[in-house]
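One structure below.
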Amino acid sequence: MVRGELKTTVKPKLSLSVLLKQDVELLTKNSEQLEQILEEEEKQNPYITHVIKRTPRWFFQEQDKKPKEPVARNSLMEEISKQISLEFDHIDKEIALEILYRCDESGFFKDSIEEIARLYGVSSEYVEDIREFIMTEIEPVGVASRNLEEFIKVQLQEMYPKQVEFHERVLNAIKTGKLDEDVKEAISHLRLKPIEDEGSASAVARVDLLLEHDGENWYIFIQEDFLELKIEEDAHPQDDIEKEKLRRAKNIKLILDIRRRVLRHIGEAIVKRQEGFLLRDEPLKTLTVKEVAESSQVSMSTVSRIINSRYAKTPAGIYPLRFFFVKESKGGMSKEELMRAIKEVLQENTSISDGKVAQMLKGRGIDIARRTVAKYRKLLGLR
């Protein structure tokens, strides 16, 4: 399930190059560069009253790219096991440890309460009570949550114990991307995983977009949702220099809004079209700049500017946004999909001709020319 469906409507495109003049260059900057520019603008432009920025640590990418050793997680699991041993005894302790051992590497419980109940001869409600105790009382809070939404609720309950309505506002804001000031503050303190990767504090760079999947739903986070520009909207400067400064301040604020909106559309398009790649190592599917431009109601050049030099952190790793945009081949499939199909056919019989491969693919509903098969076969090194 994707939070927020893309809607394609036919409306006049926003001509940013005309509207924003030289300020349109801000669309090409990544989030770190943009923050630096805003800091300078705040010093020099009296109509920018202040810049508010909060960067949740989950936007950082780590300096060490080597595969992680399981030592950190194992030591944390041992610590959690010790806490469980102090809180429970007899069969309750066995059930609690069983729940813990059935959590994934991020600390989410992905197994069956009913199966554990049958295993220990107790009711499902009995096991569920123990899971909820682990989730709310054992440190770190949230271990054994079923999904990200439940984990966020646990954290909000701990931070804002009596503000139930506020909890719902935060969850709704995460799903829709419509963040008020107090909601941004709350979200900036949230963790996205009960057991986080070790070493996230040694970050040297930031990603612009975070695509998080909790086993059920996708969640899209944009770094610039936590960056806010306050300007004097009602000012009435008299001379041309001051008027230009106010115009610049208003344009920067408008560009920030456009960047957020288009980045969210990009994130939605990626998780909708490329879910197979992100979660199951499938080939990338066709996704064009034109599609996202139409759904965002901006020009193709605006989308192109925004996806350049920006990165997304996903379940499959960190990638440039441009990576997810794949042109369509004549057969209506992406290059990666065609190569995967050709490879599957050739794995069954490497000696068959290019024409025979094309014929077999047509039997699967893939219309491809013999010449195209020859080209991709050579790229695959299977000739």
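Short to long, the 5 Å bins of the Cα pair-distance histogram for the stretch 108-184 hold 3, 15, 20, 19, 16, 12, 8, 5, 2, 1 percent of all pairs. Accessible surface calculations at 1.4 Å, restricted to protein heavy atoms, place the stretch 109-220 at 46 Å² per residue.
Within the same chain, aspartates and glutamates fewer than 8 places from residue 272 are excluded, and of the rest, those with a Cα less than 12 Å from its Cα are 5.
Over 30 Å apart at the Cα level, from the set 53/313; 153/313; 93/313; 250/290; 162/193, are 93/313.
Can you classify the stretch 175-307 as rounded, prolate or oblate using the Cα gyration tensor, where a ≥ b ≥ c are the square roots of its eigenvalues, rounded means a/c under 1.5, and otherwise it's prolate if a/b beats b/c and oblate if not? Judged from the Cα gyration tensor, the stretch 175-307 comes out oblate (a/c at least 1.5, b/c at or above a/b). Estimated at 0.36 nm per residue, the fully extended path between residue 125 and residue 241 surpasses their Cα-Cα distance by 34.8 nm. Rg/Rh, computed from the Cα trace of the stretch 260-355 with Rh as the Kirkwood radius, has the value 1.07. Summarising the amide proton neighbourhood of residue 60: residues at separation of 5 or more, or on other chains, whose placed amide H is nearer than 5 Å comprise 207. Calculated FRET efficiency, residue 39 and residue 159, Cβ-Cβ r, R0 30 Å, to nearest 0.05? In this case the efficiency is close to 0.55. Under the rule a/c < 1.5 gives rounded, and otherwise a/b versus b/c splits prolate from oblate, where does the stretch 109-237 land using the Cα gyration tensor? Since a/c reaches 1.5 and a/b is larger than b/c, the shape of the stretch 109-237 is classed as prolate. Within the full protein context, the accessible area of residue 377 is estimated at about 10 Å² for a probe radius of 1.4 Å.
Normalised per residue, the accessible area of the stretch 232-289 is 48 Å², obtained with a 1.4 Å probe and no contribution from ligands, DNA or RNA.
Percent of Cα pairs in the stretch 233-290 per distance bin of 5 Å, from zero to the largest separation: 4, 16, 16, 12, 10, 8, 8, 8, 6, 6, 4, 2.
The values are calculated or read from the model by the stated rules, or taken from the named source; none is laboratory data. Predicted model only: the values in this text are computed from it and were never measured. We place every Cβ from the backbone using ideal geometry, glycine too, and count neighbours over all the protein chains shown. For accessibility, only protein heavy atoms count, side chains too; no ligands or nucleic acids. Shrake-Rupley method; radii C 1.70, N 1.55, O 1.52, S 1.80 Å.
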